[in-house]
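Asker: This is the structure I want to talk about, given as structure tokens.
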Amino acid sequence: MLLLAYPSFFVGGEILDLFSTTGAVAKFVLITLLAFSLISWAIILTKWSLLRRARIQSGRFLRAFRKAQRLQDIATISDQFRPSPLVGVFEGGYHEYKRQLTGPGATFRSLTAVQRGMQIGASEEISRLERNVPWLAITAAVTPFIGLFGTVWGIIDAFHGLGTAGGATLRAVAPGISEALITTAAGLAAAIPAVIAYNLIGNSIRVFAARSDDFSLEVLNAIESIQAQPAAEVRR
């Protein structure tokens, strides 16, 4: 994971040497950036796996739904297709549909209520997919400034070294400039993967939201077709 977060720094163990020679403030900045980066990479890998499985299972669920002869058949096997968000959309509408048909002499009353049930299901599924994703935006926004703080502190340290040495020598300014550069690079290394992943994951979630809306229309069409059939032919 560290190699993913800071790949170029591990050549020849240079990062360890640089870290050991930095001051306390620079060490704190680097550790903070590392914590942000590790959490971000954990979210990225987890969401990547979740969205990949959701994409595959959504395709399978759609094919099963379009081949099914009865809505009850899909309700029976829907758990097999999780974590597809389409499963939550279908269950939200199907539960409302069955609720209206429950009881003696019950009849189907409101297609709008079924639509609202699917909208609630879609909202819950999208919220599940978006969980922890804002942390990537926080990382992308905050870590460059944390790195900049380390940069400023390193420059201050370099000027302090100049004042202490009484002359502009490389030995006097090298530690401070080194701290400034390493914290700047660390801030960028934490921010760049986070901002790329945030946009890619956000786009995938928007695609799932659009697909959920389209699928809810398919379910409504199926229910309307069922209600248009004679009572003896209605599939439930």
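The values are calculated or read from the model by the stated rules, or taken from the named source; none is laboratory data. Keep in mind that this is a model prediction, so the values were computed, not measured. Positions of Cβ are generated from backbone atoms using ideal geometry, with glycine treated the same way; all protein chains shown enter the neighbour counts.
Asker: Check segment 76-84 and report whether any residue there is without any contact (Cβ under 8 Å) to a residue 12 or more places away in the chain and in contact with a helix residue (DSSP H, G or I) (Cβ under 8 Å, 6 or more places away or on another chain).
Answerer: yes
Asker: Collect the residues in segment 42-54 that are among the basic types (Lys, Arg) and either closer than 14 Å to residue 195 by Cα or surrounded by 15 or more Cβ atoms within 10 Å (Cβ to Cβ) (or both), keeping them in residue-number order.
Answerer: Residue satisfying the conditions is 47 alone.
Asker: Here are some residues: 164, 107. Which one is modelled with pLDDT under 85 and assigned to a loop (DSSP other than H, G, I, E, B)?
Answerer: 107
Asker: Answer with yes or no whether residue 116 is of a type in the set (Lys, Arg) and within 18 Å of residue 217 (Cβ to Cβ).
Answerer: Yes: the conditions hold for residue 116.
Asker: Let me ask something additional. Considering only segment 45-73, how many residues are within 13 Å of the chain's Cα centre (by Cα) and of a type in the set (Val, Ile, Thr)?
Answerer: Number satisfying all stated conditions: 1.
Asker: Shifting gears a bit: Identify all residues within segment 110-135 that are closer than 26 Å to residue 42 by Cα and not in a loop (DSSP other than H, G, I, E, B); write none if there are none.
Answerer: 122, 123, 124, 125, 126, 127, 128, 129, 130, 134, 135
Asker: Could you tell me whether residue 39 is among the β-branched types (Val, Ile, Thr), surrounded by 14 or more Cβ atoms within 10 Å (Cβ to Cβ), farther than 18 Å from residue 203 by Cβ and under 18 Å from the mean Cα position of the chain (by Cα)?
Answerer: Yes; evaluated as a whole, the condition is true for this residue.
Asker: Tell me which residues, restricted to segment 52-88, are in a helix (DSSP H, G or I) and among the small types (Gly, Ala, Ser).
Answerer: Within segment 52-88, 54, 58, 59, 64, 75, 78, 88 qualify.
Asker: Which of the residues that make up segment 194-204 are surrounded by fewer than 19 Cβ atoms within 10 Å (Cβ to Cβ) and in contact (Cβ under 8 Å) with a residue 60 or more places away in the chain?
Answerer: Answer for segment 194-204, where residues must be surrounded by fewer than 19 Cβ atoms within 10 Å (Cβ to Cβ) and in contact (Cβ under 8 Å) with a residue 60 or more places away in the chain: 202, 204.
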